[in-house]
Amino acid sequence: MNFFLTTAIDYTNGAPHIGHAYEKVLADAIARYRRLKGDAVFFLTGVDQHGQKVQQSAQKQGVAPAEFVAGITSQFLSLWKTLDIRYDAWAATVDPVHKHCVQAMLQRLWETGHFYKAKQAGYYSVRQEQFLTDKERGPDGEFGPEWGEVVLIEEENYFFKLAGHRQWLLDFIDARSAAGKPFVLPDFRVAELRNAVEKLSGDLCISRPKSRLEWGIELPFDKDFVTYVWFDALSNYVSFAGYDPTPGADNAVFHSRWPALHVIGKDILVPPHGIYWPIMLRACGFSDTEMPTLLVHGWWNIAGSKMSKSQGNIVDPAELVKTFGVAATRYYLLSDIATGRDADFSEERLILRYNTDLANSLGNLLNRSLSMAKRYRGGAVKKSASPLAAFIAEKCAAYCRHMEAFEVHAAIESAWEIIGRCNGYVEETAPWKLAKDPACAEKLDGVLYTLAEALRILSILITPIIPESAEAIRSQLAWEGSVTLAQCEWGLLPDGHSLGDPVPVFPRIESK
RNA sequence: GCCAGGGUAGCUCAGCGGUAGAGCAGGGGACUCAUAAGCCCUUGGUCGGGAGUUCGAUUCUCCCCUCUGGCACCA
């Protein structure tokens, strides 16, 4: 089965923060799970490099936009490497492939009458170089001093007709929900989107005159304009998957991938992904069955409040990895938040979860198991049946169910129930006592094999969460078999298999 | 103002008609294979406030307070 998932593309105007990192880690975990399952995964992520703010920031630094963007982009690329994000394609919007696709899409929609040119009048901040809406007005109804000089200007722009699609979109959203395949996940966000669609009025401005913004993709039908924001950003999901918008084009490769699961933050559900995107696709001729699904995640708050530059509470994920390691960072981001909801970030909590779950529970289980196998049997295990096999199979099934529903935190819990059960099993069977009594030799063999097998299976289950550590565990188990969900079957460790030496995979973080 | 979702143990949250659960933190214990890890037991809550429906409500209904999103509006 083919599985296509994307993340939002990050705006290259500033350094990545923990929110960017969370989204990619979440998507990566889902992608890795589907690979384990045997799906042909196409995982697309990238950066949004055009636009006003980039142009301004570049100007401020006295460099060309392309150069500025390359610098920030490299920060993202290096972070994804650090975090073990394994994507299949990289969407950078300055890419010529993307540019061609966007222009072809614009041309097609222009020719089919989805755009019109109109005069727009409004309050414009010269300093910020943007139109202001009533939202920007202060409590006194005036535009605050942060906007500088505000003038009323008129400007011609191109608009995308949205209003005519309102009823279709409502029906589509309802139909998907009724079919048990909500357009938006978790489904509590469907109501929020529906609400917004109900109130949909007016069209979408899709251009900026070059006199005001040069750093963008030129409209193919009017050289004086570049396209602004959404036709540039959203279309990355199709342009980098091989889509050719030209009517009648052969899109076999693209269609083998599409439709996608878009992993996005709650801030960009309404209106871009929930309204503009499906309408853009429809205008391009996509049918209802060719519409994507949106997986909307929540935010990490810092000490209860939003992360923001002005509050100076931005958490740098690269720094986090440097201090605590990839495993601690990924594990924390995936386990301490319920998909779709918000959570509170704290380093204390990260350390706690790491020490409790990784070092004490899983790490110690591996360490004590290998140590006993080595001490009592020279590292060799004898294949045998286990009283834990059924329990483990049950938890594997629960793990899969949760992963399929993108409830990664719940899947992690299922895996950790196996660890808890194994640690309890060690206490119940007390191998150190069995080892003293030659009559218990067979029983001891059974316990040691059970622990080794459980750890082998666990190493598969945690692969999507902490791939590097999973590999380290397999290496200590000296297991070189393939790593797929099918390998979670009990009893694949051969009779007489020789385990490796115990070395702590998750050294405790000692905090003062 | 409107829509949605919260307010349950010190903390993070689950439960959702029969007077409450988990993990972590706190307290106690037995053990020793292990990263002073693991295991067992345990303290702890008038389930935001009020009214109603019910034999019975944390769980359903209504009102209020409060938090979080989204939308709208105004001088």
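Between A:Ser201 and A:Ser498, what is the spin-label point distance in nm, taking each point 7 Å from the Cα along the Cα→C-beta axis? Result for the modelled spin labels: 7.9 nm.
Pairing the Cα long axis of helix A:408-429 with the longest principal axis of chain A, what angle in degrees results, from 0 to 90 and rounded to the nearest 10? Value to nearest ten degrees: 10. Shown here for the range A:187-234: trypsin sites (Lys or Arg not before Pro) in loop regions (DSSP other than H, G, I, E, B) with at most 13 other Cβ atoms within 10 Å, namely A:Lys199. Taking the 1.4 Å solvent-accessible surface of the range A:346-498 as the whole, the part contributed by carbon and sulfur is 52%. Compactness check for the range A:346-498: Cα Rg over 2.2 N^0.38 Å is 1.03.
Would you mind getting the accessible area per residue of the range A:346-498, heavy atoms of the protein chains only, 1.4 Å probe, in Å²? Write down the numbers at each step before the final one.
Details: 6340 Å² over 153 residues.
Spelled out: the 1.4 Å probe surface of the range A:346-498, per residue, equals 41 Å².
Computed from the alpha carbon positions, the gyration tensor of the range A:147-218 leads to an equivalent ellipsoid with semi-axes of 35, 14, 13 Å, biggest first. Converting the Cα gyration tensor eigenvalues of chain A into ellipsoid dimensions via √(5λ) gives semi-axes, longest first, of 51, 25, 20 Å. Proximity of backbone amide H atoms, modeled 1.01 Å from N, is registered between A:Asp344 and A:Asn301 at under 5 Å, excluding neighbours fewer than 5 places apart on the same chain.
Between A:Ser78 and A:Thr356, how high is the FRET efficiency from 1/(1 + (r/R0)^6) when r is the Cβ-Cβ distance and R₀ = 41 Å? Nearest 0.05. Write out the running numbers ahead of the final one.
Values: r = 30 Å, r/R0 = 0.73.
In this case the efficiency is close to 0.85.
Please report the antiparallel percentage of the DSSP beta bridges confined to chain A, to the nearest 5. Each step should come with its number before you reach the end.
Values: 25 of 49 bridges.
Of all bridge pairs located within chain A, approximately 50 percent are antiparallel.
Between the amide H of A:Asp10 and those of A:Gly46, A:Val47, A:Asp48, distances stay under 5 Å, these residues lying 5 or more places away or on another chain, with hydrogens modeled in the peptide plane.
Relative to the longest principal axis of the Cα atoms of chain A, the long axis of helix A:389-404 lies at roughly 0 degrees. Sorted largest first by accessible area at a 1.4 angstrom probe radius, with every protein chain in place, the residues A:Cys440, A:Cys422 fall in the order A:Cys440, A:Cys422.
The values are calculated or read from the model by the stated rules, or taken from the named source; none is laboratory data. Everything numeric here is computed off the predicted structure, so don't read it as measured data. Neighbour counts are summed over all protein chains in view; Cβ atoms, including those assigned to glycine, are modelled from backbone coordinates with ideal geometry. Accessible surface is based on the protein model in full, side chains and every heavy atom, while ligands, DNA and RNA are left aside. Shrake-Rupley method; radii C 1.70, N 1.55, O 1.52, S 1.80 Å.
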